[in-house]
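Here is the structure we will look at.
Only the coordinates and a few stated rules stand behind these numbers; no lab work does. Computed from a predicted model, the values in this text were never measured in an experiment. Ideal geometry is used to build each Cβ from the backbone, glycine not excepted, and the neighbour counts take in all protein chains shown.
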Amino acid sequence: MSTMITAAGLPARSITSSPYFTSLITVFLLVILLAVGGAAYPGFLSLQVMFNLLIDNAFLLVIAIGMSFVILSGGIDLSVGSVLALTTMICAYMLQTWHWNPLVVIAIALAIGTLFGAAMGALIHYFKLQPFIVTLAGMFLARGLCYLISINSITIEDPFFVALSQTQLPIGDCFISPGAVIALVTLAAAIYVAHCTPFGRAIYAVGGNEQSALMMGLRVARTKVLIYAFSGFCAALAGILFSFYMLSGYGLHAQGTELDAIAAVVIGGTLLSGGYGYVAGALTGVLVLGSIQTLIAFDGTLSSWWTKIVIGGLLFIFCVVQRLMSLRTNKK
């Protein structure tokens with residue numbers, strides 16, 4: 001039986017069986033969404049609209065980066081949305097009630113998020129608990145701590161936070177926010193760590209087969225704790241960016257964001273089984289979700305619930321594709 005050869009000179013079967021095939025599909029899907037939007041709505045492809053995708057979803061991109069590390073290791077983290085909300089509450093309360101220096105507040109919030117994630121990672125590894133259960137408990141704990149601080153929304157009036165919220169960094173005739181820049185810098189750093197450092201290679205090894213990683217002499221315990229610590233750090237950083245964006249702390253902030261982050265990572269091409277994927281896929285996944293929301297906003301006649309419906313359909317399709325690819329790999 002002959003094998004179809006692509007324009008790049010590679011067998012089509014080897015491309016479709018690659019674990020990175022879904023990443024290519026995501027890029028193709030993003031191009032289609034942008035092309036449809038550009039054809040249907042004037043101004044959709046303007047540079048400022050593209051920047052707005054990053055500005056509005058900077059916090060989600062940061063959370064998706066941390067989630068990428070967790071899923072690459074074969075785990076899951078359901079606590080990130082609640083940690084984001086807790087971070088906004090901590091920042092708002094310290095700034096408005098105690099009037100602390102904003103840089104000190106940011107440092108404390110990041111440290112709390114990191115320690116929270118590290119504690120969950122330690123429980124998962126040393127007590128052999130399922131990540132789903134541990135992070136689910138973390139989700140309820142962090143959300144509950146929000147209401148110990150206050151049951152009401154706390155407005156942030158600190159000059160530093162207000163200035164960052166209103167700052168627009170000019171790029172030609174357009175602008176981008178400091179939060180979007182921080183998200184892109186975080187993405188670049190995460191790509192380097194994941195693909196160019198021993199820690200990154202350990203993440204892929206643990207996600208591929210934890211027992212094999214142990215037999216290879218890798219420090220699996222340290223790796224897993226650091227993975228969840230990094231996810232907690234990213235959730236806290238996202239909470240700070242969300243505080244810049246909303247200028248408030250509230251226990252109901254970011255409900256369901258953990259599911260959006262998982263969807264972005266999976267749609268971005270990272271396999272749920274762990275061990276395969278690109279951290280950069282978090283960006284394309286977030287942009288796909290943002291493009292869907294923007295298309296619905298430009299249309300103006302569709303309910304916002306269509307965003308969830310479309311994302312749910314895409315997530316289902318990508319999960320099925322990943323499962324089929326896993327079955328083909330196992331047969332080999």
Is it possible to state the helix-based mean residue ellipticity at 222 nm for the chain, with each DSSP H run of 4+ residues giving -39500 (n - 2.57), the sum divided by total residues, to the nearest 500 deg cm²/dmol? What is it? -23500 deg cm²/dmol
Residue by residue through the stretch 27-36, what is 3J(HN,Hα) from phi via Karplus (6.51 cos²θ - 1.76 cosθ + 1.60, θ = phi - 60°)? Round to whole Hz and write x for glycine and proline. 4, 4, 5, 4, 4, 5, 4, 5, 5, 5
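Give the calculated FRET efficiency between Trp306 and Tyr41 to the nearest 0.05, with a Förster radius of 25 Å applied to their Cβ-Cβ distance.
That gives a FRET efficiency of 0.95.
Treating only the Cβ of Lys, Arg, Asp and Glu as charged (+1, +1, -1, -1), what charge dipole size does the chain show about its Cα centre? Round to the nearest 20 debye.
For the chain, the charge dipole is close to 1280 debye.
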A chain fully extended from Phe160 to Cys174 at 0.36 nm per residue, minus the present Cα-Cα distance, gains in nm 2.7 nm
Label-point separation (nm) for Val320 and Phe28, each offset 7 Å from Cα along Cα-to-Cβ? 1.6
What Kirkwood hydrodynamic radius, in Å, does the stretch 186-228 give when the mean of 1/r is taken over all pairs of distinct Cα atoms and then inverted? 10.5
For the stretch 286-296, in order, what is each residue's ³J(HN,Hα) by Karplus, 6.51 cos²θ - 1.76 cosθ + 1.60 with θ = phi - 60°, in whole Hz (x at glycine and Pro)? 5, 5, 4, 4, x, 5, 4, 4, 5, 4, 5
Express the Stokes-Einstein translational diffusion coefficient of the stretch 134-276 in µm² s⁻¹, to the nearest whole number, given a Kirkwood radius over alpha-carbon pairs, 37 °C and a viscosity of 0.692 mPa s. 184
Using the Cα centre of the chain as origin and beta-carbon charges of +1 (Lys, Arg) and -1 (Asp, Glu), tell me which of Val162, Asn57, Phe230 is placed farthest towards the positive end of the dipole. Phe230
At a threshold of 8 angstrom on Cα-Cα distance, excluding pairs fewer than six apart, so keeping six or more, what relative contact order does the chain reach in percent? 34
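Can you list, largest first and rounded to whole Å, the semi-axes you get for the chain by taking the square root of 5 times each eigenvalue of its Cα gyration tensor?
Over the Cα atoms of the chain, the ellipsoid semi-axes are 33, 27, 17 Å.
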Phi-derived 3J(HN,Hα) across the stretch 57-74 with the Karplus relation (6.51, -1.76, 1.60, θ = phi - 60°), rounded Hz, x for Gly and Pro, is 10, 4, 5, 5, 4, 5, 5, 5, 4, x, 5, 4, 4, 5, 5, 4, 7, x
